[in-house]
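One structure is given below, encoded as structure tokens.
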Amino acid sequence: QVQLVESGGGLVQAGGSLTLSCAATGTIGSIDSMGWYRQAPGIERGLVAAMSCGGSANYADSVKGRFTIYRDSAKKKVYLQMNSLKPEDTAIYYCKINYRWRDYWGQGTQVTVSS
């Protein structure tokens, strides 16, 4: 059974930084894509950043230049380094992986950016 365990959310002032972590547990082999999505109240969940197994990354336009995704494939972990945070980054952040043609989601971690 694949499970995703997220950590690193919290409250931060605008301009600050946070790093989110996500670990995939269970008896699993190589993971395809790993990424982060977010959902704010009243807004549909959307992509923040994702990285393929080959290391190719893509980002939402709103976070380019501020957020960096990186993964440790051997440890089955993915991270999201968030810098220059803005109040509009406030949301629940979800980790998602694609493994054997199936998507798995974490439980979500709250990120709140105060102005």
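Key figures for this structure:
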| item | result |
| --- | --- |
| Positions within the range 4-36 being free of Cβ contacts under 8 Å to residues at least 60 places away in the same chain and in a strand (DSSP E or B), in sequence order | S21, A23, T25 |
| Strands (runs of 3 or more DSSP E) (entirely within the range 42-115) containing at least 1 residues that are touching a residue at least 60 places away in the same chain (Cβ under 8 Å) and open to solvent by 80 Å² or more (accessible area, probe 1.4 Å) | 102-105, 109-114 |
| Residue within the range 23-34 that is open to solvent by 30 Å² or more (accessible area, probe 1.4 Å), touching a Ser or Thr at 6+ places or on another chain (Cβ under 9 Å) and of a type outside the set (G, A, S) present | yes |
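Residue by residue, here is whether (1) among the polar types (S, T, N, Q); (2) closer than 20 Å to N58 by Cβ holds:
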position	(1), (2)
S73	yes, yes
Q81	yes, yes
D89	no, yes
Y104	no, yes
Q110	yes, no
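The values are calculated or read from the model by the stated rules, or taken from the named source; none is laboratory data. For clarity, every value in this text was computed on a predicted model and none was experimentally measured. Ideal geometry is used to build each Cβ from the backbone, glycine not excepted, and the neighbour counts take in all protein chains shown. What goes into the accessible areas is simple: the full protein's heavy atoms, side chains included, and nothing from ligands, DNA or RNA. Shrake-Rupley method; radii C 1.70, N 1.55, O 1.52, S 1.80 Å.
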